[in-house]
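Peer 1: Quick one: the structure is below, and I'll ask about it shortly.
Any read-out appearing in this document is the output of simple, stated calculations on the displayed coordinates, not a laboratory observation. Every value quoted in this text rests on a predicted model; they were computed, and no experiment measured them. With ideal geometry, Cβ positions are generated from the backbone for all residues, glycine too; neighbour counts draw on all protein chains shown.
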Amino acid sequence: MSFSKLDDLGRKLEALEHALSILGADEATHMAVGGGEKRAEAMSNLAGLYHAQSTAPEIADWIAAAETEVESEDQKLALVEFRRSYINATCLPTEFVERRTTATMRSEQLWRELRAKNDWDSFLPALEGVVALVREEAQLRAEALKLAPYDALMEQYDPGNRTADLDLVFGDLKSFLKGFVPEALAAQEERLAKRPRKALNGPYPIEKQRELGLAAMRAVGFDFTHGSLAVSHHPFCGGVPTDVRMTTRYRTDEFLSSLMGVLHETGHALYEQGLPKEWSHWPLGKARGMGIHESQSLFVEMQLSRSPEFWEFALPLVHLHLGEDAIPGWDIADILSEVNYVERGYIRVDADEVTYPLHVILRYELEQDLVNGKLEASQIPEAWDAKMTEYLGLSTLADPKDGPMQDVHWPGGAFGYFPSYTLGAMIAAQQWAALETAQPGVREDIRKGDFSGVNQWRSDNIWSQGSRWSTPDLITRATGEPLNADFFKAHLKKRYLG
């Protein structure tokens, strides 16, 4: 039976994915400096094996034959994902992939060197080469997937998302935020006039911060029999569902950024640990996409961990692990003032949840124009500055380092990825609203440190579904309606104006 051949293939590919994921996580955390060359060689060979096996010509025949033989709804849905994965893996010729890999690696290397020097002009030729290749890739994917070019790029990250829908949702959110940011800043200023921000009482020993992070992970449901926490330059959640490798980084002068980072990555980890185990070797058993994944991390970090109810539970944990004098004189209002501080800034990754979506929408709009040929790479600084000035009242024209050179995505050729970040925040707010309707006592549970109801709802509606549905369908099934900016807007109003 052809489906059994696909099932066997899935198990072989899962084994290779497992090896690559664990090797990658180890490289970022524990690998000795001198191990890099052989590690790269090993991972390159494994990646080559994976590509060869996942793009073999006979797979198309197996899928076609299996479609006449399917015995269950799960198998039928699995075949949809097998086909989607196969088309995405085979629609780019090997010659093109080699050209793109060479160009993006060189571009990333130049970006690291030239961003530090604020040297846009020297970086531009490399970026122009990447943009040309991205346009070529968008056409190849569009033809194979029967989609518009930018939609075909987004399909890799969030299956089912289309610019026709996102333009409306993002346009609505952008219009709201341009007026809301000044309101939130004014309300914050009024609060701080009555109750100024307090200084943190560092230093905070790393080992004590680690114990606090582990306690928070355990409380919100992380399974330590299938995962661990390490340190890396950039926090990430990697590994595989049965062995999730989570990392954070520490500063000794404050503990909140590490704790919030741990909770964010725990959100990713809970999703991976909650995926359907019986389909783990099928594309159907994987996480749905970047927007849904980001919604799971932001749900934990933003909806839960920056709420007053969470801190009623967590403040005693801070005192237990960091000491009673860790934050002398602080109460929950002081903590919330710190973790929910709003500020206009240049850097996306440092932005708060109020201003962050404007950073993303700016990039979403510009990269659509780049892909569709309405904007050339040479015009990016002026276009970026115009939007930054309009959306956040900040000019970046004289400082490309903190403007269009700040992210690695474009140098690396990752176009269509940025929307996922703000989609995640919106989906998280919509999920929270649906959860609170289903469980009216959920805030009281969180106050007590009981996250079982929260996680059961997320497991039933998100985690256990794997990739059964497209991103828009999964949102509708989980929350009862399509993606709607009103939930995120209501969340922001309650938190920052309430």
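Peer 1: Roughly how big is the chain's charge dipole about its Cα centre, with Cβ charges of +1 (Lys, Arg) and -1 (Asp, Glu), in debye to the nearest 20?
Peer 2: 560
Peer 1: If contacts are Cα pairs under 8 angstrom and at least 6 residues apart, what is the relative contact order of the chain in percent?
Peer 2: 20
Peer 1: Please report the relative contact order for the stretch 363-452, taking Cα pairs under 8 Å with a sequence separation of at least 6, and give it as a percent rounded to a whole number.
Peer 2: Details: 41 pairs, mean separation 17.6, N = 90.
Rounded, it is 20 percent for the stretch 363-452.
Peer 1: Let me ask something additional. Quick one: compute the contact order of the stretch 57-171, relative version, from alpha carbon pairs under 8 angstrom and 6+ residues apart, as a percent. List each step's numbers first, then the result.
Peer 2: Values: 59 pairs, mean separation 21.1, N = 115.
Answer for the stretch 57-171 is 18 percent.
Peer 1: Here is a further query. Between ALA47 and LYS277, take the C-beta separation as r, use R0 = 30 Å, and let me know the FRET efficiency to the nearest 0.05.
Peer 2: Details: r = 25 Å, r/R0 = 0.84.
Calculated transfer efficiency: 0.75.
Peer 1: Using the charge dipole of the stretch 307-442 (Lys, Arg: +1 at Cβ; Asp, Glu: -1 at Cβ; taken about the Cα centre), state which of TYR391, LEU362, ILE347 has its Cα farthest towards the positive end.
Peer 2: LEU362
Peer 1: Suppose the chain between HIS30 and SER464 were pulled fully straight at 0.36 nm per residue; how much longer would it get relative to their current alpha carbon spacing? All intermediate terms of the calculation are to be shown ahead of the outcome.
Peer 2: On the way: separation 434, 0.36 × 434 = 156.24 nm, distance 3.18 nm.
Gain on stretching HIS30 to SER464: 153.1 nm.
Peer 1: Anything over 27 Å Cα to Cα? Flag those among LYS38/LYS277; LYS76/LYS146; LYS178/LYS198; LYS194/LYS493; LYS146/LYS489, in the order listed. Can you show the working numbers first?
Peer 2: Numbers: LYS38/LYS277 32 Å; LYS76/LYS146 21 Å; LYS178/LYS198 29 Å; LYS194/LYS493 20 Å; LYS146/LYS489 34 Å.
Table pairs above 27 Å Cα-Cα are LYS38/LYS277; LYS178/LYS198; LYS146/LYS489.
Peer 1: Please sort 142-154, 357-369 by packing, taking for each peptide the average over its residues of neighbouring beta carbons within 10 angstrom, highest first.
Peer 2: Result, highest mean Cβ count within 10 Å first: 357-369, 142-154.
Peer 1: Work out how much length ASP61 to LEU397 would gain on full extension: take 0.36 nm times their residue separation and subtract the Cα-Cα distance, in nm to one decimal.
Peer 2: That works out to 115.6 nm of additional length.
Peer 1: Order these peptides, 28-40, 258-270, by their mean beta-carbon neighbour count within 10 angstrom, highest first.
Peer 2: Numbers: 28-40: 11.5, 258-270: 25.0.
In decreasing order of mean packing, 28-40, 258-270 become 258-270, 28-40.
Peer 1: With just the Cα atoms of the chain, tell me how far they stretch along each of the three principal axes, in Å, largest first.
Peer 2: Largest to smallest, the principal-axis extents are 69, 51, 51 Å.
Peer 1: Please give the FRET efficiency for MET105 paired with THR68, using the beta carbon to beta carbon distance and R0 = 35 Å, rounded to the nearest 0.05.
Peer 2: 0.25
Peer 1: With point charges of +1 on the Cβ of Lys and Arg and -1 on the Cβ of Asp and Glu, referenced to the Cα centre of the chain, which listed residue (TRP432, ALA65, PRO149) lies farthest in the positive direction of the dipole?
Peer 2: TRP432
Peer 1: Specify whether the C-alpha gyration tensor of the stretch 375-471 places it in the rounded, prolate or oblate class, a ≥ b ≥ c being the square roots of the eigenvalues: rounded for a/c under 1.5, otherwise prolate if a/b is larger than b/c and oblate if not. Please report the intermediate quantities before stating the final value.
Peer 2: On the way: a/c = 3.58, a/b = 2.25, b/c = 1.59.
Prolate, because a/c is 1.5 or more and a/b exceeds b/c.
Peer 1: Related question: So for the pair LYS493, ARG249, with labels modelled 7 Å out along Cα→Cβ, what separation do we get in nm?
Peer 2: Reported label-point gap for LYS493 and ARG249 is 3.8 nm.
Peer 1: To continue, here is another question. Would you mind computing the Rg to Rh ratio of the stretch 254-327 from its alpha-carbon coordinates, Kirkwood style for Rh?
Peer 2: My calculation puts Rg/Rh at 1.12.
Peer 1: Once you sort the root eigenvalues of the Cα gyration tensor of the stretch 219-258 as a ≥ b ≥ c, which label holds: rounded (a/c under 1.5), prolate (a/b larger than b/c) or oblate (the other case)? Walk me through the numbers on the way to the answer.
Peer 2: Working: a/c = 3.27, a/b = 1.73, b/c = 1.89.
Cα axes put the stretch 219-258 in the oblate bin.
Peer 1: Can you tell me the length gained on complete extension of the stretch VAL231 to GLU343, counting 0.36 nm per residue apart and subtracting the Cα distance? Intermediate results must be reported in sequence, preceding the final value.
Peer 2: Details: separation 112, 0.36 × 112 = 40.32 nm, distance 2.80 nm.
Extra length from VAL231 to GLU343 when fully extended: 37.5 nm.
Peer 1: Compute the convex hull volume of the Cα atoms of the stretch 2-154, divide it by the residue count, and report the result per residue in Å³ as a whole number.
Peer 2: Numbers: hull volume 22.9 nm³, N = 153.
Dividing the Cα hull volume of the stretch 2-154 by its residues yields 150 Å³.
Peer 1: Looking at the chain only, what percent of DSSP beta bridges run antiparallel? Nearest 5 please.
Peer 2: Percentage antiparallel, nearest 5: 45.
Peer 1: Can I ask one more? Can you compute the label reach from GLU376? Point 7 Å from Cα along the Cβ direction, backbone N cut-off under 13 Å, restricted to the stretch 119-162.
Peer 2: Those under the cut-off are 125, 128-129, 132.
Peer 1: Two decimals, Cα atoms only, Kirkwood Rh: what is Rg/Rh over the stretch 113-220?
Peer 2: 1.17
Peer 1: While we're on this one: For the stretch 168-323, just run the numbers: alpha carbon Rg, then divide by 2.2 N^0.38 Å, N being how many residues it has.
Peer 2: 1.21
Peer 1: Size of the dipole of the stretch 2-154 about the Cα centre, Lys and Arg at +1 and Asp and Glu at -1 on the beta carbon, nothing else charged, in debye to 20?
Peer 2: The dipole of the stretch 2-154 has a size of about 440 debye.
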